[in-house]
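So the structure is just underneath, and the comments pick up after that.
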Amino acid sequence: MSDDPTQYSRKGAVGVIAIDRPPVNGLGHAVREGIHARLQEALSDPEVLAIVIHGGGRMFSAGADIKEFGSELAFTPPTLSEVIDAIEGAGKPVVAAIHGVAAGGGCELALGCHYRIAGIDARLGLPEVTLGIIPGAGGTQRLPRLVGVPAALDLIVQGKLNPAPKAHEIGLVDELFEGEPAAAGVLYAKKLITAGGGPRRTRDQNERVEAARGKDEIFAQYRKETARRARGLEAPLAAIDSIENATNLPFEEGMKAERVIFDRLLASEQSQAMRHAFFAEREVAKIPDIPRDTPTREVKKAGVIGCGTMGQGIAMAFANAGIPVRVLEVDQEALDAGLEKIEKTYDSSLAKGRISQEDRDLLVSTIAGTLDYADMADADLVVEAVFEDMGLKKKVFARLDEVCRAGAILATNTSTLDVDEIAAATGRPGDVLGLHFFSPAHVMRLLEIVRGDQTAKDVVATALALAQQLKKTGVVVGVCEGFVGNRMLLAYLREAYFVLEEGALPQEVDKAICDFGFPMGPFTMLDMAGLGVGYLIRKHQAARRPAGERYSDIEDRIVEMDRLGQKTGAGWYRYEKGDRTPIPDPEIEAMIVETSAKLGIERRTFSDAEIIERCLYPLVNEGAKLLDEGIAIRAGDIDVVWLHGYGFPRHKGGPMFWADTMGVRTIYDKLVELQAEHGDLLAPAELLEELAEQGKGFADL
Ligand code: T1G
Ligand code: NAD
């Protein structure tokens, strides 16, 4: 075995197998082969009375090597199930010593061992459903035998990693340890030998599955909740089926059934989409001209200018990451109002039991208010979040340029404005970039990192590191109006408005988009975000709109009726007091119908498929333009922006991945058709045309 990422050593009567395949000890073919061979070595060594398996580097194992999926190697013997069966059937006790993470196949490997010990800060779980599959090497059959059906359902169907103390509590782990896994494993194995502890096959421990045999109500109830929570996802429901099999079928039959389900899901579009999302999320941090080891600047103190909707959330994002932050406002009244809202938000988290009183007090004390720019002098990074007005933002940046220390990073949270023009208001454009948070900023995971023409590489690298610190997904984008997310959003909304003028109603469009997999449709989303920001942006754009270009003013008229959405109890829909359920409003429907008449448009019905085409194809088309212009580095980055910032369904992989599943040719042809009918706003992007003609997709870029 030339490429053997496993090592074997003996510590007295204990044989030690170490997995050493950075970065995450993925159980690719070479690793499986190595473990299998080392196991035979230990089993055939008469001196060895017990065996320990542990991982090298930062974890036990992240499971099957996802990169091998779709290649022959994934199923070249020994398969993972064969390796696990060999361990389980061993005549000597085998101990899994887990540190860092044991996920998926890594956890299944441990389930096949006779004993499991885990580092106090380790995490264990079977997150396969997050990849659109189910555990495929016995996880759905062995886990319920160890922890019982309810705990197994929670772990597998929700796909979360459990902290080791919890894993110990439910019986997944036999003992917790501190320190090195190899040493802890050997110590435990020696105790076993002394105590005469022998092999203990998980497959034989049937008590806990028998306890749930025939209790269909457990599974029926879980299916009901899961169908609601994981709307449209195949894997979570399939996992319930497989766990139910564990209670009703003999082990081997349950294993066979698990394999059938696994293979079906592995080939599914949903799983391909979710695996794409997994790797796309990891690719976003790789910037072609900025090496991963580029030194970053320290961000230990932060500042925020403006404590409105975004300023409050941004300040809380810093505080939640343990970074002390000062917020500056125009006057005491505005400052007090902003700080009060922050306290209220933490108080509601306290009331919901999400944080303790102590945490609440600490977080609130991490945020301080000021009216004095001098208090920004020692900040390492300042984020501006004042009104969306270029003149005002330039004034703020000029002031920050005067007071902030050399080397401080100055960021703007603008949604649409030109970051280079803002940077030019300072004498240090290399230290300026956009940090585009999404509302609510302390919750939404996406952070668009807007790289200006002169933004220094270490500033971009620092922003990427900061995104991780704030538990956000940072995506680097170039400067253009609306950057990646909002620019595509505008194309999507534009067509949604036009579809209303041509015959659909808000609730029909929202239903089609919801059924597609979004958490909500455009009109419910607009009412939730507030119609004010969009109105200002459209007013701002009006001056530059080409004469004669089609424009729908329905939403402007709604805003001018002081209907700003949920916060005013009415927008596209109306809302009962204290209730966020959108209620179709005849007044708005009448306004839409009257608009069609005024425009001379004969209204018609729209199928859900037509609504999807009309709203999502232009969104993809705008994505293609953004790739062409180099505003987005990769198609996968655009997918990550939409998955984390706009609720694009993960089981569709993101707009660009979805476009490939639809076929770029299909989308191109449809856009050509729509352009002929509705005008050049729907003209296909050059890149889309190129790919269509070459029979390629965005994945080929
Ligand atoms: N296979 C291949 N590559 C993987 C991988 C895996 N399982 N897990 C991580 N990587 C790569 C990742 O792309 C990145 O690469 C690097 O490792 C560091 O990852 C039969 C079939 C373990 C919690 O779902 O959740 O087992 O970008 O940045 O933040 O039932 O990685 O550096 O080139 O995420 O410290 C089930 C997936 C597989 C766990 C660590 N396993 N991994 O997080 O590092 S299916 C999972 C994670 C399975 C069996 C089935 C996380 C992590 P690069 P990272 P991290
Ligand atoms: P907002 O109106 O809620 O808050 C702006 C705050 O800035 C107000 O509290 C105001 O008092 C303060 N302010 C104004 N002039 C100031 C000055 N000279 N010095 C200090 N403070 C000043 O607006 P918002 O929604 O928080 O938006 C802020 C910025 O974030 C805008 O650029 C907007 O485009 C952008 N943004 C908004 C959203 C969103 O969903 N609301 C999302 C992303 C980005």
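Yes/no per residue for (1) over 21 Å from GLY15 (Cβ atoms); (2) at pLDDT 95 or above; (3) within 12 Å of ligand 1 (Cβ to nearest atom); (4) small (Gly, Ala, Ser):
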site	(1), (2), (3), (4)
ALA37	no, yes, no, yes
ASP45	no, yes, no, no
ILE98	no, yes, no, no
LEU111	no, yes, yes, no
ALA118	no, yes, no, yes
ALA122	yes, yes, yes, yes
GLU128	yes, yes, yes, no
GLY136	yes, yes, yes, yes
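Collect the residues in the stretch 318-342 that are of a type outside the set (Gly, Ala, Ser), part of a helix (DSSP H, G or I) and either at positive phi or within 16 Å of ligand 2 (Cβ to nearest atom) (or both), keeping them in residue-number order.
Listed by number, the residues that qualify are PHE318, GLN332, GLU333, LEU335, ASP336, LEU339, GLU340, LYS341, ILE342.
Residue by residue through the stretch 56-75, note down the ones that are in contact with a strand residue (DSSP E or B) (Cβ under 7 Å, 6 or more places away or on another chain) and either of a type in the set (A, V, I, L, M) or within 11 Å of ligand 1 (Cβ to nearest atom) (or both). Walk me through how you get there before you give the answer.
Quick first cut of the stretch 56-75, residues in contact with a strand residue (DSSP E or B) (Cβ under 7 Å, 6 or more places away or on another chain) only: 56, 59-63.
Those that are in contact with a strand residue (DSSP E or B) (Cβ under 7 Å, 6 or more places away or on another chain) and either of a type in the set (A, V, I, L, M) or within 11 Å of ligand 1 (Cβ to nearest atom) (or both): MET59, PHE60, SER61, ALA62, GLY63.
Just one of ARG550, ARG538, ARG545, ARG604 is assigned to a loop (DSSP other than H, G, I, E, B), out of contact with any Gly (no Cβ under 9 Å at 6 or more places or on another chain) and on the phi < 0 side of the Ramachandran plot; which is it? Please lay out each step first, then the result.
On the way: ARG550 fails: out of contact with any Gly (no Cβ under 9 Å at 6 or more places or on another chain); ARG538 fails: assigned to a loop (DSSP other than H, G, I, E, B); ARG604 fails: out of contact with any Gly (no Cβ under 9 Å at 6 or more places or on another chain).
Of the residues listed, the single one that is assigned to a loop (DSSP other than H, G, I, E, B), out of contact with any Gly (no Cβ under 9 Å at 6 or more places or on another chain) and on the phi < 0 side of the Ramachandran plot is ARG545.
Could you go through the stretch 217-237 and let me know if any residue there is more than 28 Å from the chain's Cα centre (by Cα) and either buried (at least 21 other Cβ atoms within 10 Å of the Cβ) or aliphatic (A, V, I, L, M) (or both).
Checked the stretch 217-237: at least one residue is more than 28 Å from the chain's Cα centre (by Cα) and either buried (at least 21 other Cβ atoms within 10 Å of the Cβ) or aliphatic (A, V, I, L, M) (or both).
Taking TRP642 and the conditions (1) closer than 29 Å to TYR551 by Cα; (2) in a loop (DSSP other than H, G, I, E, B), which numbered condition does it fall short on, given that it satisfies the others?
Only one criterion in (1) closer than 29 Å to TYR551 by Cα; (2) in a loop (DSSP other than H, G, I, E, B) is unmet by TRP642, namely (2).
Can you pull out every residue in the stretch 614-636 that is touching a strand residue (DSSP E or B) at 6+ places or on another chain (Cβ under 9 Å), part of a helix (DSSP H, G or I) and either of a type in the set (A, V, I, L, M) or surrounded by fewer than 24 Cβ atoms within 10 Å (Cβ to Cβ) (or both)?
LEU626
If we keep just the residues of the stretch 649-682 that are in a loop (DSSP other than H, G, I, E, B) and in contact (Cβ under 8 Å) with a residue 40 or more places away in the chain, which is surrounded by the most Cβ atoms within 10 Å (Cβ to Cβ)?
Here the answer is GLY653.
Just a yes or no: is a residue in the stretch 150-169 within 14 Å of ligand 1 (Cβ to nearest atom), assigned to a strand (DSSP E or B), more than 19 Å from the chain's Cα centre (by Cα) and not basic (Lys, Arg)?
Yes, the stretch 150-169 contains at least one residue that is within 14 Å of ligand 1 (Cβ to nearest atom), assigned to a strand (DSSP E or B), more than 19 Å from the chain's Cα centre (by Cα) and not basic (Lys, Arg).
Among the residues of the stretch 566-579, is any in contact (Cβ under 8 Å) with a residue 60 or more places away in the chain and surrounded by 20 or more Cβ atoms within 10 Å (Cβ to Cβ)? Quick ask: steps written out before the conclusion?
Our first condition is that a residue be in contact (Cβ under 8 Å) with a residue 60 or more places away in the chain; within the stretch 566-579, this holds for 572-573.
Subset that is surrounded by 20 or more Cβ atoms within 10 Å (Cβ to Cβ): 572-573.
Yes, the conditions are met somewhere in the stretch 566-579.
List every residue pair whose Cβ atoms sit under 8 Å apart, with the two residues 6 or more apart in sequence or on different chains, where the first one lies in the stretch 180-206 and is basic (Lys, Arg) and the second, anywhere, is loosely packed, with under 15 Cβ neighbours inside 10 Å.
Between residues of the stretch 180-206 that are basic (Lys, Arg) and residues that are loosely packed, with under 15 Cβ neighbours inside 10 Å, the close pairs are LYS190/GLY12; ARG201/GLY89.
Consider the stretch 343-362. How many of its residues are loosely packed, with under 14 Cβ neighbours inside 10 Å and not in a helix (DSSP H, G or I)?
Final tally of qualifying residues: 4.
Would you mind finding the one in LEU143, LEU176 that is modelled with pLDDT of 95 or more, more than 16 Å from ligand 2 (Cβ to nearest atom) and in a strand (DSSP E or B)?
One residue alone meets the criteria, LEU176.
Considering the stretch 589-648 alone, what residues qualify as being of a type in the set (Val, Ile, Thr), in contact (Cβ under 8 Å) with a residue 60 or more places away in the chain and within 27 Å of ASP515 (Cβ to Cβ)?
ILE592, THR595, ILE601, THR605, ILE611, ILE612, VAL620, ILE638, VAL640, VAL641, listed by residue number.
Among the residues of the stretch 60-77, is any surrounded by 24 or more Cβ atoms within 10 Å (Cβ to Cβ) and farther than 26 Å from GLN272 by Cβ?
Taking every residue of the stretch 60-77 in turn, at least one turns out to be surrounded by 24 or more Cβ atoms within 10 Å (Cβ to Cβ) and farther than 26 Å from GLN272 by Cβ.
Restricting attention to the stretch 371-381, does a residue exist that is surrounded by fewer than 21 Cβ atoms within 10 Å (Cβ to Cβ) and either near ligand 2 (Cβ under 8 Å from one of its atoms) or among the β-branched types (Val, Ile, Thr) (or both)?
no
Here are some residues: ARG445, ARG399, ARG405. Which one is farther than 30 Å from GLN675 by Cα, basic (Lys, Arg) and in contact with a strand residue (DSSP E or B) (Cβ under 6 Å, 6 or more places away or on another chain)?
Checking each option against the conditions leaves just ARG445.
Could you check the stretch 525-556 and list, in sequence order, the residues that are within 16 Å of ligand 2 (Cβ to nearest atom) and small (Gly, Ala, Ser)?
First, pick out the residues of the stretch 525-556 that are within 16 Å of ligand 2 (Cβ to nearest atom): 525-541, 555.
Hits for the stretch 525-556 are ALA529, GLY530, GLY532, GLY534.
Only one of (1) surrounded by 23 or more Cβ atoms within 10 Å (Cβ to Cβ); (2) more than 12 Å from ligand 1 (Cβ to nearest atom) fails for ALA30. Which number is that?
Of (1) surrounded by 23 or more Cβ atoms within 10 Å (Cβ to Cβ); (2) more than 12 Å from ligand 1 (Cβ to nearest atom), only one is false for ALA30: (1).
Any chance the stretch 76-99 includes a residue that's within 17 Å of HIS168 (Cβ to Cβ), out of contact with any Pro (no Cβ under 7 Å at 6 or more places or on another chain) and not charged (D, E, K, R)?
Among the residues of the stretch 76-99, at least one is within 17 Å of HIS168 (Cβ to Cβ), out of contact with any Pro (no Cβ under 7 Å at 6 or more places or on another chain) and not charged (D, E, K, R), which makes the answer yes.
Within the stretch 392-431, take every residue that is polar (S, T, N, Q) and in contact (Cβ under 8 Å) with a residue 40 or more places away in the chain and give me the one that is nearest to ligand 1 (Cβ to nearest atom).
Checked the stretch 392-431; the qualifying residue nearest to ligand 1 (Cβ to nearest atom) is ASN413.
Do you know which residues across the stretch 216-241 are of a type in the set (A, V, I, L, M, F, W, C) and under 20 Å from ALA267 (Cα atoms)?
ALA230, LEU233, ALA235, LEU237, ALA238, ALA239, ILE240
Being away from ligand 2 (no atom under 16 Å from the Cβ) and in contact (Cβ under 8 Å) with a residue 40 or more places away in the chain narrows it down to one residue among ALA302, ALA315, ALA257, ALA280; which is it? It would help to see each step written out before you state the result.
Numbers: ALA302 fails: away from ligand 2 (no atom under 16 Å from the Cβ); ALA315 fails: away from ligand 2 (no atom under 16 Å from the Cβ); ALA257 fails: in contact (Cβ under 8 Å) with a residue 40 or more places away in the chain.
Exactly one of ALA302, ALA315, ALA257, ALA280 is away from ligand 2 (no atom under 16 Å from the Cβ) and in contact (Cβ under 8 Å) with a residue 40 or more places away in the chain, namely ALA280.
Within the stretch 513-530, track down each residue that is assigned to a helix (DSSP H, G or I), within 23 Å of the chain's Cα centre (by Cα) and not polar (S, T, N, Q). Please lay out each step first, then the result.
Here is the first cut: in the stretch 513-530, the ones assigned to a helix (DSSP H, G or I) are 513-516, 522-529.
Subsequent filtering for residues that are within 23 Å of the chain's Cα centre (by Cα) retains 513-516, 522, 524-526, 528-529.
Those that are assigned to a helix (DSSP H, G or I), within 23 Å of the chain's Cα centre (by Cα) and not polar (S, T, N, Q): ILE513, CYS514, ASP515, PHE516, PRO522, MET525, LEU526, MET528, ALA529.
The values are calculated or read from the model by the stated rules, or taken from the named source; none is laboratory data. Every value quoted in this text rests on a predicted model; they were computed, and no experiment measured them. Heads up, the Cβs are rebuilt from the backbone with ideal geometry, glycines too, and the neighbour counts pull from every protein chain shown.
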